[in-house]
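Working notes for the structure below.
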Amino acid sequence: MTIDEAKDLIIKNYDKYFNKTIYFAETGERLVVKAIDVTKDDNGDYDATCYTENANEEDANFENGIFEHRSLTSVITQGKLI
């Protein structure tokens with residue numbers, strides 16, 4: 001993905017996924033998307049990346065650190081908004 005494609009993907013989906021809880025049936029995880037940004041890997045490829053926190057934590061708080069990060073594409077295709 002190019003940097004412009006990654007930015008466009010974020011623009012099109014930001015309001016839908018930012019600060020929302022996503023359920024992943026495959027793993028049973030419930031994650032809250034706390035940030036979405038463009039990242040670049042070692043090969044020079046860009047991606048729209050979601051930074052998430054575990055929604056099951058009683059005190060889920062962005063300042064306590066990021067639980068994990070996932071591609072926005074995988075959040076869209078594998079996750080379900082709840």
_Please go through the stretch 17-29 and give me each residue that is free of Cβ contacts under 8 Å to residues at least 60 places away in the same chain and either more than 14 Å from Ile76 (Cα to Cα) or part of a loop (DSSP other than H, G, I, E, B) (or both), ordered by number._
Phe18, Asn19, Ala25, Glu26, Thr27, Gly28, Glu29
*asked:* Suppose we keep only residues that are open to solvent by less than 80 Å² (accessible area, probe 1.4 Å), of a type outside the set (Asp, Glu) and over 22 Å from Ala6 (Cβ atoms) within the stretch 28-59. Which one would you say is modelled with the highest pLDDT?
replied: Gly28
_Residue among Phe18, Phe62, Phe67 that alone is within 12 Å of the chain's Cα centre (by Cα), of a type in the set (Phe, Trp, Tyr) and at pLDDT below 95_ = Phe67
*Are there any pairs, at least 6 apart or on different chains, whose C-beta atoms fall under 7 Å, with the first in the stretch 1-16 and in contact (Cβ under 8 Å) with a residue 24 or more places away in the chain and the second among the acidic types (Asp, Glu), and if so, which?*
Met1/Asp45; Met1/Asp47; Ala6/Asp47
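The values are calculated or read from the model by the stated rules, or taken from the named source; none is laboratory data. Because the structure is predicted, anything quoted here is derived from the model rather than measured. Reconstructed Cβ throughout: ideal geometry from the backbone, glycine too, with neighbour counts over all protein chains shown. We work out accessible area using only protein heavy atoms, side chains counted, and drop any ligands, DNA or RNA first. Shrake-Rupley method; radii C 1.70, N 1.55, O 1.52, S 1.80 Å.
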